[in-house]
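Asks: Take this structure first; my questions come after.
The values are calculated or read from the model by the stated rules, or taken from the named source; none is laboratory data. For clarity, every value in this text was computed on a predicted model and none was experimentally measured. Virtual Cβ from ideal backbone geometry, glycine too; neighbours counted across all protein chains shown.
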């Protein structure tokens, strides 16, 4: 059995096909999928999916790329986290890939949003789902400061350190090592199956299996042999297959380990018996 640790089934491309998507998941032995919130405005749609379908779960948060949307407060994120079947905070993080004519200094709003999410995650005890692209240094620095990893910089030392997963990882081996040292998991998507992803597969080989998750990030990034097509959680076994090949492991080993890792990360909310 497989678990898709990151997908966007509330997006129009997939929501209109939901019965077919869920049937394909079952046929592909994908027992569960985590539906990721990207704005507070659309969080009710993500929550509805998770509450109506036992194989789906939800997060609450605002994607770093989304501008002109409602900025969540810590209190609003905590209120969302209290809803049944919400198991994580995010997707959150930093993304400097599309700066355009702006400077890194202009992205202060993004950095503050990230801090708010980390504060909320620590207060409610849920894992963070972190997105980082072309912003590795700032992502790591803020996570260490707000997450309780830098002595003297922690605004809430009475709370346990942040925990969570860096999703759709495409960054360097150095960042991967730093993430692992903080106790975070690393999730790989269909990108690792792409022909031009040799450097990323080198990172895959370095990450211990017990810290790996798999995802589709659907409806985007469909893995080979479906690249360029609409992605769905049913394709996450292809990610597992590439992970197995890269690490020299069997597919059942990877399926079992990544499922166990997901359940371990979200163990405060999801029980193994709830995943079929």
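Asks: Scanning for something at pLDDT 95 or above, closer than 19 Å to residue 112 by Cα, part of a loop (DSSP other than H, G, I, E, B) and in contact with a helix residue (DSSP H, G or I) (Cβ under 7 Å, 6 or more places away or on another chain), does segment 29-39 turn up at least one residue?
Replies: Among the residues of segment 29-39, at least one is at pLDDT 95 or above, closer than 19 Å to residue 112 by Cα, part of a loop (DSSP other than H, G, I, E, B) and in contact with a helix residue (DSSP H, G or I) (Cβ under 7 Å, 6 or more places away or on another chain), which makes the answer yes.
Asks: Right, something else. Could you check, for segment 200-221, whether at least one of its residues is assigned to a loop (DSSP other than H, G, I, E, B), crowded, with 22+ Cβ neighbours inside 10 Å, out of contact with any helix residue (DSSP H, G or I) (no Cβ under 7 Å at 6 or more places or on another chain) and modelled with pLDDT of 95 or more?
Replies: So far as segment 200-221 goes, yes, one or more of its residues are assigned to a loop (DSSP other than H, G, I, E, B), crowded, with 22+ Cβ neighbours inside 10 Å, out of contact with any helix residue (DSSP H, G or I) (no Cβ under 7 Å at 6 or more places or on another chain) and modelled with pLDDT of 95 or more.
Asks: When residues of segment 228-240 are filtered for being out of contact with any strand residue (DSSP E or B) (no Cβ under 7 Å at 6 or more places or on another chain), outside any helix (DSSP H, G or I) and either surrounded by 22 or more Cβ atoms within 10 Å (Cβ to Cβ) or modelled with pLDDT of 95 or more (or both), how many remain?
Replies: 2
Yes or no, residue by residue, for (1) surrounded by fewer than 21 Cβ atoms within 10 Å (Cβ to Cβ); (2) more than 22 Å from residue 176 (Cα to Cα); (3) in contact (Cβ under 8 Å) with a residue 40 or more places away in the chain:
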{"position": "61", "(1), (2), (3)": "no, yes, yes"}
{"position": "71", "(1), (2), (3)": "yes, yes, yes"}
{"position": "75", "(1), (2), (3)": "yes, yes, no"}
{"position": "102", "(1), (2), (3)": "yes, yes, no"}
{"position": "132", "(1), (2), (3)": "no, no, yes"}
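Asks: Hey, can you tell me all the residues within segment 10-28 that are closer than 11 Å to residue 230 by Cβ, under 20 Å from the mean Cα position of the chain (by Cα) and assigned to a helix (DSSP H, G or I)?
Replies: Across segment 10-28, the qualifying residues are 13, 14, 21.
Asks: Over 24 Å from residue 45 (Cα atoms) and at pLDDT below 95: which single residue out of 122, 102 fits that description?
Replies: Answer to the check: 102.
Asks: If you don't mind, another one. Looking only at segment 55-91, which residues are farther than 18 Å from residue 263 by Cα and in a strand (DSSP E or B)?
Replies: Within segment 55-91, 60, 91 qualify.
Asks: Every residue in segment 144-167 that is crowded, with 22+ Cβ neighbours inside 10 Å and within 26 Å of residue 236 (Cβ to Cβ), please.
Replies: Passing the criteria: 162, 164, 165, 166, 167.
Asks: Working only within segment 183-199, note down all residues that are surrounded by fewer than 18 Cβ atoms within 10 Å (Cβ to Cβ) and within 23 Å of residue 118 (Cβ to Cβ).
Replies: 183
Asks: Just checking, does segment 41-54 include any residue being under 18 Å from residue 167 (Cα atoms), assigned to a loop (DSSP other than H, G, I, E, B) and at pLDDT 95 or above?
Replies: Checking segment 41-54: not a single residue is under 18 Å from residue 167 (Cα atoms), assigned to a loop (DSSP other than H, G, I, E, B) and at pLDDT 95 or above.
Asks: Could you grab me the full set of residues in segment 78-99 that are in contact (Cβ under 8 Å) with a residue 24 or more places away in the chain and more than 24 Å from residue 136 (Cα to Cα)?
Replies: 78, 80, 81, 82, 83, 84, 85, 86, 87 - these are the residues of segment 78-99 that are in contact (Cβ under 8 Å) with a residue 24 or more places away in the chain and more than 24 Å from residue 136 (Cα to Cα).
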